[in-house]
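Contents: one structure, followed by commentary.
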Protein chains: 2
Amino acid sequence: MKALSQVGKYGLRALLYLVAYPPENQYLSIRQISDDLGLSFHFVTKIFRELTEKGILLSYRGPSGGIALAKPAEEIMLIDVIKVLEGEDFFDKCLLGLPHCGSAKPCPVHEFWKEVKSQLQENFSNTSLALLGEKIRTQEVRLDE
Amino acid sequence: MKALSQVGKYGLRALLYLVAYPPENQYLSIRQISDDLGLSFHFVTKIFRELTEKGILLSYRGPSGGIALAKPAEEIMLIDVIKVLEGEDFFDKCLLGLPHCGSAKPCPVHEFWKEVKSQLQENFSNTSLALLGEKIRTQEVRLDE
DNA sequence: CATATTTAAGAGTATTTAATCTTAATTAGA
DNA sequence: TCTAATTAAGATTAAATACTCTTAAATATG
């Protein structure tokens, strides 16, 4: 199941890299992230621009410039990132693509799909980048490969 | 969340149409299904060919030809259809696209995503086309729009 | 002020997915 | 046997997504 686009996958991985390995009091360069994760520098740059415009990242140009979190990682929830990268309507879509599907005109799998989306949304709403960053640092989970 | 491709969405809708409104002892033409659901005849034909090759449908050419279920609708589970239309690995993919993600090398959202996929897989495994067809016939749910 | 380093912006290209079109094969019925 | 109705097969086109490239703007440092 391909739930996320490449933008979503790469963006989330690159962002988590920053959260897991933040430079102290300074910016982290996109080049280091993209090289370390084996992602396209230009593609990551484009994705980060979106995150910067939407207030999740700060960016700074010039030598020793780069990007940084705009807020403490404790205050950024996974759902905020997903909604920027995949669109605000990420959790609103009918599994069969029916535009008027809803409680009034449910599609054949509406009720069940609603529950799945709700579970996802709740989890993403309660998971901070800080939590995931910590799991990465302690090597409980991995960001590469 | 775009869980299914157009092939999956159209294919499932078209198949459910057949299940909900089966002609007695005969084939249903693809033209009637695609016209009624407002889908491309050629696209649906291509999708049905796949379902025929994989043993979910029977097809018959010539006048009063068309397609029919290869087995009783009670014996066809949603998961069988999804796996044909979206690939056998539909439930095996890492949310972040990491090829080696698994219990040995989990990605940051592995555990949670595993549960979501498992819930989906279980539901799809326990839902027969017959059940959904009945819901459509009784207008408890809808296939159009 | 010159240069190197970095992100910003957007144009351009490639790949994948979606959809359409054309022709062939099959079959029923007049 | 002819014609119309139907699916099969695959070529072709269109659109969306995924990248890549080039140039501009900002800024630190010598």
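For the range A:8-20, backbone phi angles converted through the Karplus equation (6.51, -1.76, 1.60; θ = phi - 60°) give residue-by-residue couplings of x, 5, 5, x, 5, 4, 5, 5, 5, 4, 4, 5, 6 Hz, Gly and Pro being listed as x. For chain B, modelled as a Gaussian network with Cα springs under 10 Å, which listed residue fluctuates most, B:SER40, B:SER103, B:SER125? Highest fluctuation of the listed residues: B:SER103.
Compute the Cα gyration tensor for the range A:1-50, then decide on rounded, prolate or oblate, letting a ≥ b ≥ c be the square roots of its eigenvalues: rounded whenever a/c is under 1.5, prolate when a/b is larger than b/c in the other cases, and oblate in all that remain. Prolate, since a/c reaches 1.5 and a/b exceeds b/c. Per residue, the convex hull around the alpha carbon atoms of the range A:6-137 comes to 120 Å³.
Take the residue pairs A:LYS2/B:LYS105; B:LYS9/B:LYS135; A:LYS117/B:LYS9; A:LYS54/A:LYS114; A:LYS105/B:LYS46 and return only those whose Cα atoms are more than 23 Å apart. The partial results should precede the final answer.
Numbers: A:LYS2/B:LYS105 20 Å; B:LYS9/B:LYS135 18 Å; A:LYS117/B:LYS9 17 Å; A:LYS54/A:LYS114 27 Å; A:LYS105/B:LYS46 29 Å.
From A:LYS2/B:LYS105; B:LYS9/B:LYS135; A:LYS117/B:LYS9; A:LYS54/A:LYS114; A:LYS105/B:LYS46, over 23 Å: A:LYS54/A:LYS114; A:LYS105/B:LYS46.
Taking only Cα atoms and a 10 Å spring cutoff, compute GNM fluctuations for chain A and point out the largest among A:VAL116, A:VAL19, A:VAL44. Between A:VAL116, A:VAL19, A:VAL44, it is A:VAL116 that shows the largest mean-square fluctuation.
Going from the alpha-carbon gyration tensor of the protein assembly as shown, what semi-axes, largest first and in whole Å, does one get by taking the root of 5 times each eigenvalue?
Details: eigenvalues 386, 61, 59 Å².
Value: 44, 17, 17 Å, ordered largest first.
Shown for B:ASP92: label points 7 Å from Cα along the beta-carbon vector, and their distances to the equivalent points in the other copies, 3.6 nm in ascending order. Position A:GLN119: other-copy label points at 0.3 nm, ordered by increasing distance, label point 7 Å along Cα→C-beta. Here the relative contact order of chain B, from alpha carbon pairs under 8 Å that lie six or more residues apart, stands at 29 percent.
Hey, how much of the P(r) for the range A:105-145 falls beyond 12 Å, as a percent of Cα pairs? Intermediate values should be presented prior to the final figure.
Numbers: 560 of 820 pairs.
Tail of the P(r) past 12 Å holds 68 percent of the pairs.
Build a GNM of chain A with springs between Cα atoms under 10 Å: which of A:LEU15, A:LEU98, A:LEU37 gets the top mean-square fluctuation? Of A:LEU15, A:LEU98, A:LEU37, the most mobile in the Gaussian network model is A:LEU98. Counting from the shortest, the label point at B:ASN25, 7 Å from Cα toward Cβ, is 8.8 nm from the same position in each remaining copy.
With a cut-off of 15 Å between beta carbons, the residues surrounding B:CYS94 carry a summed charge of +2, where Lys and Arg count +1 and Asp and Glu -1. Of interest is the spacing of the C-alpha centroids, which for the range B:90-145 and the range A:88-145 amounts to 12 Å.
Coordinate-derived values only; no laboratory data. As the structure is a computational prediction, the values presented were derived from the model and not from experiment. Counting neighbours? That spans all protein chains shown, and the Cβs are built from the backbone with ideal geometry, glycine included.
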